[in-house]
Amino acid sequence: MKALISSLLLVAAMPVLADSASNPRCEAKAADIQQQIQAAEAAGHDGKVKGLNTALEKVRSNCTDKELMRELEGKVRAARGELREREADLREAELSGDPSKIAKRQAKLEEARAELQQAETELTEAPRPHAE
């Protein structure tokens, strides 16, 4: 039954996938969600499947590469802001001289750096939209 539903979704998606050729980021996002749906179906997570199907419908009906690029740029800006905040927290901890506090703030700073790196990687690896 689940295989039938997946097959029907794929057949229903064919026209949309053909239209998404001009939106490679959206196509990639839809493909990623489809993979997550298959994994959730295999694991028997019906609630997750339902939510992912809703997300897939939204991507297929509303997605544009320009909007995804704006989202990625926003993610990078937010990560940079978080990094600045963590750097300030570390400076405060260093002024306090508390080694435990310093270690915690350094760990948070490294986490923020990793998140920024991930966001920048997603942005730079994303194909650029065609001029419209």
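One residue stands out among those in the range 59-88 that are surrounded by fewer than 17 Cβ atoms within 10 Å (Cβ to Cβ), acidic (Asp, Glu) and farther than 30 Å from SER22 by Cα: the one that is nearest to the chain's Cα centre (by Cα), which is GLU85. When ASN53 is tested against (1) closer than 29 Å to THR124 by Cα; (2) modelled with pLDDT under 90; (3) surrounded by 15 or more Cβ atoms within 10 Å (Cβ to Cβ), only condition (2) is not met. Condition first: modelled with pLDDT of 95 or more and basic (Lys, Arg). Can you find one or more residues in the range 64-71 that meet it? Taking every residue of the range 64-71 in turn, none turns out to be modelled with pLDDT of 95 or more and basic (Lys, Arg). Of everything in the range 117-132 that is more than 13 Å from the chain's Cα centre (by Cα) and modelled with pLDDT of 65 or more, the residue that is farthest from GLU87 (Cα to Cα) is THR124.
The values are calculated or read from the model by the stated rules, or taken from the named source; none is laboratory data. None of these values were measured; they are calculated from a predicted model. No Cβ is skipped: glycine too gets one built from the backbone with ideal geometry, and neighbour counts run over all protein chains shown.
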